[in-house]
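Reviewing the structure listed below.
The values are calculated or read from the model by the stated rules, or taken from the named source; none is laboratory data. Note that the structure is a prediction, hence the values are computed from the model and not measured. We place every Cβ from the backbone using ideal geometry, glycine too, and count neighbours over all the protein chains shown. Each accessible area value is taken on the protein alone, full model and side chains, heavy atoms only, with ligands, DNA and RNA left out. Shrake-Rupley method; radii C 1.70, N 1.55, O 1.52, S 1.80 Å.
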Amino acid sequence: VRERYGIRAPYIFYLGNFKPHKNVQALLRAFAILPGDLKSRCQLVLGGRFDYWQGQLGLLAHKLSIAERTLFIGQVEEEDMAALYSGADVFVFPSLSAGFGLPPLEAMALGCPVAASDIPPLREACGEACIFFDPDDPEEIAERVLGLSNNEVQRLQLGNAGREVTRNLT
């Protein structure tokens with residue numbers, strides 16, 4: 001599945017739409033300030049339906065000089081989601097607002113460690129099974145993603161905690 005989308009492991013994953021409230025621009029800015037070693041070995045993979053906002057984000061990726069490490073994969077087929085979530089080093093959800101927070105929960109159910117915005121709906125949905133960050137602070141997002149990417153033990157702990165949190169969800 002990853003090969004079909006052009007993904008090289010390891011990768012940081014986002015899945016959702018690209019509208020401004022999803023705050024993907026902060027994720028791009030965070031990726032741009034990651035240390036060179038992590039940026040050079042990781043790929044930022046962004047999945048979601050192409051629209052006007054995705055085009056604007058593509059321009060921002062070029063401006064930040066991360067376009068060659070950023071992959072917009074478009075709409076993800078339902079049957080591919082499990083492989084994409086479970087293959088990611090980290091799932092990042094930088095949204096400024098959320099109703100329920102389904103993408104982070106989908107990632108957690110598959111054992112993918114999650115870093116998400118510290119907003120009430122995501123705090124309630126994800127509990128202690130994810131790392132939270134200030135969605136308005138790209139430096140903090142980068143710090144949390146870097147910490148998670150470099151800590152295999154924490155990634156495993158969060159993966160197990162995520163499976164536990166989502167075990168009873170349907």
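Once the range 143-170 is narrowed to residues that are among the hydroxyl-bearing types (Ser, Thr, Tyr) and in contact with a helix residue (DSSP H, G or I) (Cβ under 7 Å, 6 or more places away or on another chain), the residue that is farthest from residue 39 (Cα to Cα) is 166. Taking each residue of the range 64-82 that is in contact (Cβ under 8 Å) with a residue 60 or more places away in the chain and looking for partners that are in a helix (DSSP H, G or I) and open to solvent by 20 Å² or more (accessible area, probe 1.4 Å) with beta-carbon atoms closer than 7 Å, six or more apart or interchain, yields 73/5; 81/106.
Would you pick out the residues in the range 105-150 that are open to solvent by less than 20 Å² (accessible area, probe 1.4 Å), touching an Asp or Glu at 6+ places or on another chain (Cβ under 6 Å) and more than 14 Å from residue 89 (Cα to Cα)? Correct list: 133 only.
Take the conditions (1) surrounded by 14 or more Cβ atoms within 10 Å (Cβ to Cβ); (2) more than 17 Å from residue 118 (Cα to Cα); residue 37 misses just one of them, which is (1). For first residues located in the range 1-16 and crowded, with 20+ Cβ neighbours inside 10 Å, partners that are hydroxyl-bearing (Ser, Thr, Tyr) and assigned to a helix (DSSP H, G or I) and lie 6+ apart or on another chain with Cβ distances below 8 Å form the pairs 12/149; 13/85; 15/85. Once the range 49-91 is narrowed to residues that are in contact with a Leu (Cβ under 6 Å, 6 or more places away or on another chain) and assigned to a strand (DSSP E or B), the residue that is farthest from residue 25 (Cα to Cα) is 90.
Report yes if residue 23 is out of contact with any strand residue (DSSP E or B) (no Cβ under 8 Å at 6 or more places or on another chain) and among the polar types (S, T, N, Q), otherwise no. The answer is no for residue 23. So residue 46 passes all but one of these: (1) within 11 Å of the chain's Cα centre (by Cα); (2) under 21 Å from residue 166 (Cα atoms); (3) free of Cβ contacts under 8 Å to residues at least 40 places away in the same chain. Which condition number does it fail? Checking residue 46 against (1) within 11 Å of the chain's Cα centre (by Cα); (2) under 21 Å from residue 166 (Cα atoms); (3) free of Cβ contacts under 8 Å to residues at least 40 places away in the same chain, the one that fails is (2).
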